[in-house]
Amino acid sequence: MNTLLLSYEGLVQELPELAAAWGEMDAMERDHHLANFGQAWGHRRLLGVLFRAGKLTEPQEDRLEQRARQLFEQSRLVYTCYKLDARRLMKLFVWGTPLVLSRQALRVEFDPSSLNEMALAWAGA
C-alpha cells in the first residue's frame, strides 16, 4: 500500500512544477506525464477502495487525506495538466477518502464554467 501512496503523493507533489512547465512541453513529454498520471490515478482509486474497506493504517489514512486536500487546493493545476475538472475530482468521494471524516474546511478552486453543472448535480436534476 505504501507503493500506491508514494505514486499518488508523487502525482500531487509535482503538480506546481509540472503545471509551470506544461505550456513549454512537447507532445511526447506531455504524453509521458499523462501516462504517469493514468497509473497514479488508478492507484488513487484503489487507495479509496482500501480506505472504505478499513484496510489502511491511521498513518496511511493521514497521508491520503493530506494529499487529497493538497490535490483539491491545487485543482487549477490539476486541470491545467490533466484536464480533471471539479466533477472528476469529486470522484475521490465516491472512491473513498478520509476527507469525509475531517472537520477542517476544504479549499477548492472551481472553473466558473463548471459551476452550472455542479449546481444541477447537487440539486438532483
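Readers should treat all values here as calculations from the given coordinates under stated rules, not as data from a laboratory. Nothing here was measured: the structure is a model prediction, and the numbers come from that model. Every residue, glycine among them, receives a Cβ derived from its backbone with ideal geometry; neighbour counts consider all protein chains shown.
For the stretch 46-61, filtering for residues that are over 15 Å from the mean Cα position of the chain (by Cα) and surrounded by fewer than 16 Cβ atoms within 10 Å (Cβ to Cβ) leaves 7.
Select from the stretch 6-15 the residues that are surrounded by fewer than 17 Cβ atoms within 10 Å (Cβ to Cβ) and within 10 Å of Cys81 (Cβ to Cβ) and list them in ascending order. Listed by number, the list holds a single entry, Glu14. Among the residues making up the stretch 48-70, those that are among the aliphatic types (A, V, I, L, M) and under 20 Å from Leu106 (Cα atoms) are Leu64, Ala68.
Determine, yes or no, whether Leu84 is of a type in the set (A, V, I, L, M) and closer than 19 Å to Glu17 by Cβ.
So Leu84 passes the test.
Of the residues contained in the stretch 95-111, none is found to be buried (at least 19 other Cβ atoms within 10 Å of the Cβ) and aliphatic (A, V, I, L, M). For the subset of the stretch 70-91 comprising residues that are in contact (Cβ under 8 Å) with a residue 12 or more places away in the chain, under 16 Å from Ser113 (Cα atoms) and among the charged types (D, E, K, R), which member is surrounded by the most Cβ atoms within 10 Å (Cβ to Cβ)? Step by step, filter the stretch 70-91, then rank; the result is Asp85.
Screening the stretch 7-119 for helices (runs of 4 or more DSSP H) wholly inside it with 3 or more residues that are of a type in the set (S, T, N, Q) and in contact with a helix residue (DSSP H, G or I) (Cβ under 9 Å, 6 or more places away or on another chain) returns the ranges 58-73.
Would you confirm whether any residue within the stretch 64-84 is over 23 Å from Leu6 (Cα atoms), out of contact with any strand residue (DSSP E or B) (no Cβ under 6 Å at 6 or more places or on another chain) and of a type outside the set (S, T, N, Q)? Step through it out loud before you land on a result.
Just the residues of the stretch 64-84 that are over 23 Å from Leu6 (Cα atoms), to begin with: none.
The answer is no; no qualifying residue exists.
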